[in-house]
1. Along the Cα-to-Cβ line of Ile80, 7 Å from the Cα, sits a label point; which residues in region 164-200 have backbone N less than 11 Å from it?
2. Quick check: from the Cα gyration tensor, does region 7-245 come out rounded (a/c under 1.5), prolate or oblate?
3. Restricting to bridges with both residues inside the chain, how much of the DSSP beta-bridge set is antiparallel, in percent to the nearest 5?
4. In straight Cα distance, which lysines are under 29 Å from Lys155, not counting same-chain residues fewer than 8 positions off?
5. Which is the longest part of the chain that has none of the GluC sites (Glu not before Pro) sitting in a DSSP loop with at most 16 other Cβ atoms within 10 Å?
6. Based solely on its DSSP helices, what 222 nm [θ] is calculated for the chain when runs of n ≥ 4 H residues each add -39,500 (n - 2.57) and the sum is averaged over all residues, nearest 500 deg cm²/dmol?
7. Students sometimes get this wrong: rank Thr151, Thr226 by accessible area, probe 1.4 Å, all chains present, largest first.
8. In whole percent, how big is the carbon plus sulfur part of the accessible area of region 1-147, probe 1.4 Å, protein atoms only?
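The values are calculated or read from the model by the stated rules, or taken from the named source; none is laboratory data. It should be emphasised that the depicted structure is a prediction, and the values quoted were computed from it without experimental measurement. Every residue, glycine among them, receives a Cβ derived from its backbone with ideal geometry; neighbour counts consider all protein chains shown. The protein model used for the area step is the full one, side chains on, heavy atoms only, and it has no ligands, DNA or RNA in it. Shrake-Rupley method; radii C 1.70, N 1.55, O 1.52, S 1.80 Å.
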Amino acid sequence: MAELGTLVLLRHGQSTWNAENLFTGWVDVPLSAQGEQEARKGGQLLAESGLLPDVVHTSLMRRAISTANLALDAADRHWIPVKRDWRLNERHYGALQGKNKKQTLDEFGEEQFMLWRRSYDTPPPPIDPADEFSQVGDARYADLGDAAPLTECLKDVVARLLPYWESAIVPDLRAGKTVLVAAHGNSLRALVKHLDGISDDAIAGLNIPTGIPLRYDLTEDLKPVTAGGTYLDPEAAKEAAAAVANQGR
Ligand SMILES: O=C(O)[C@@H](CO)OP(=O)(O)O
């Protein structure tokens, strides 16, 4: 049997809506100029660390797809096979999509804001299908039918992400590949929660910075060798994760 491959998680670079402090979810916004730069830097870090992906998995969203393209180009691995799946998408943010985080905090207060933003099992109210930021009718989700969410909590994301982890990502790791997963703040929080066995309460305190590769070496039974993995730029990751935690303030 091949030795287990290495997993590399990469949250997309800053998006235009990250820059504007808006809840984004499934709204398909592009990277900002800073986000493009972060993605290239992420690719340079991969190359400098000799961590060259053999395959990349992305969501169906532009900010993750562009990040993967820019990072892989910078690492001279633009040619590797790519697999995309909605199960890697950002958490659907329901009726909060398009809302300003600071205004939402001011309007609803700290407790409700944090419940919606970081509780494990309380989703925001569902989005109205007619809302300008709804994905109802979006061709890329046509096959999903009624399974397409109108809101999600992190627990919902874990439930829809794990079948993809098991059926698509784990086989690549078992084949000995270096696997890059280019995804989103909350879909990666869901995966890290699963990998590290983080409790439903403690996951509220975990934030993933944009554009900094997070390396996981795993044992045969898919447990992290180092709890929490290793960021390729740990200092920058610490600072950027704290900034994510403080959004809205
Ligand atoms: O708006 C979003 O979709 C996410 C990620 O940017 O935000 P948060 O970190 O508040 O869950």
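1. What the label zone holds, given the 11 Å backbone N cut-off, is 173, 177-182.
2. On the way: a/c = 1.44, a/b = 1.41, b/c = 1.02.
The shape class here is rounded.
3. Values: 8 of 20 bridges.
Percent antiparallel among DSSP bridges in the chain is about 40.
4. Cross-link targets: Lys83, Lys99, Lys101, Lys102, Lys177, Lys193, Lys223, Lys238.
5. Values: sites that count: Glu3, Glu20, Glu132, Glu220.
So the longest stretch without any such site is 21-131.
6. Working: 9 runs with 90 residues, N = 249.
Helix contribution divided over all residues of the chain: -10500 deg cm²/dmol.
7. Working: Thr151 30, Thr226 75 Å².
Ranked from most to least accessible, the order is Thr226, Thr151.
8. Numbers: 3250 of 6780 Å².
For region 1-147, the apolar C and S fraction of the accessible surface comes to 48 percent.
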